[in-house]
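Visitor: Sharing a structure below in structure tokens format, with a few things to ask.
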Amino acid sequence: MAPAFKGNAWVKGAADAEVSDTILKGREGAAKKYKQYAIGMPKQKLNDDEAKAIVATLKSMAQ
């Protein structure tokens, strides 16, 4: 489980670089933003263009 993207204030308001960094580095343990979800977010192995494309998609979904 994970928080919804639609209307997500963090995705909408965070800088693209911050969202990309979160995708690439993940969030586990104490770094988790949403503590109510048992599973952390694993880091992803993506190149810069792939990360930028995902950020753009997430930002459009958050509107």
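Just so it is clear, none of the values below were taken in a lab; they were calculated from the coordinates. It should be emphasised that the depicted structure is a prediction, and the values quoted were computed from it without experimental measurement. Virtual Cβ from ideal backbone geometry, glycine too; neighbours counted across all protein chains shown.
Visitor: As a check on your grasp of the helix formula, calculate [θ] at 222 nm for the chain: sum -39500 (n - 2.57) over DSSP H runs of n ≥ 4, divide by the residue count, round to the nearest 500.
Guide: Roughly -14000 deg cm²/dmol at 222 nm, from the helical runs in the chain.
Visitor: First measure r as the distance between the Cβ atoms of Ala9 and Asn47, then evaluate 1/(1 + (r/R0)^6) with R0 = 30 Å and state the FRET efficiency to the nearest 0.05.
Guide: 0.60
Visitor: By how many nm would the segment from Gln36 to Asp21 lengthen if fully extended, with 0.36 nm per residue of separation less the alpha-carbon distance?
Guide: That works out to 3.2 nm of additional length.
Visitor: If you bin every alpha carbon distance in the range 9-62 into 5 Å steps from zero, what whole percent lands in each bin?
Guide: Here the calculated profile for the range 9-62 is 4, 21, 26, 26, 18, 4, 0.
Visitor: Which residues does the label zone of Glu28 cover in the range 39-54, counting backbone N under 20 Å from a point 7 Å along Cα→Cβ?
Guide: 39-47
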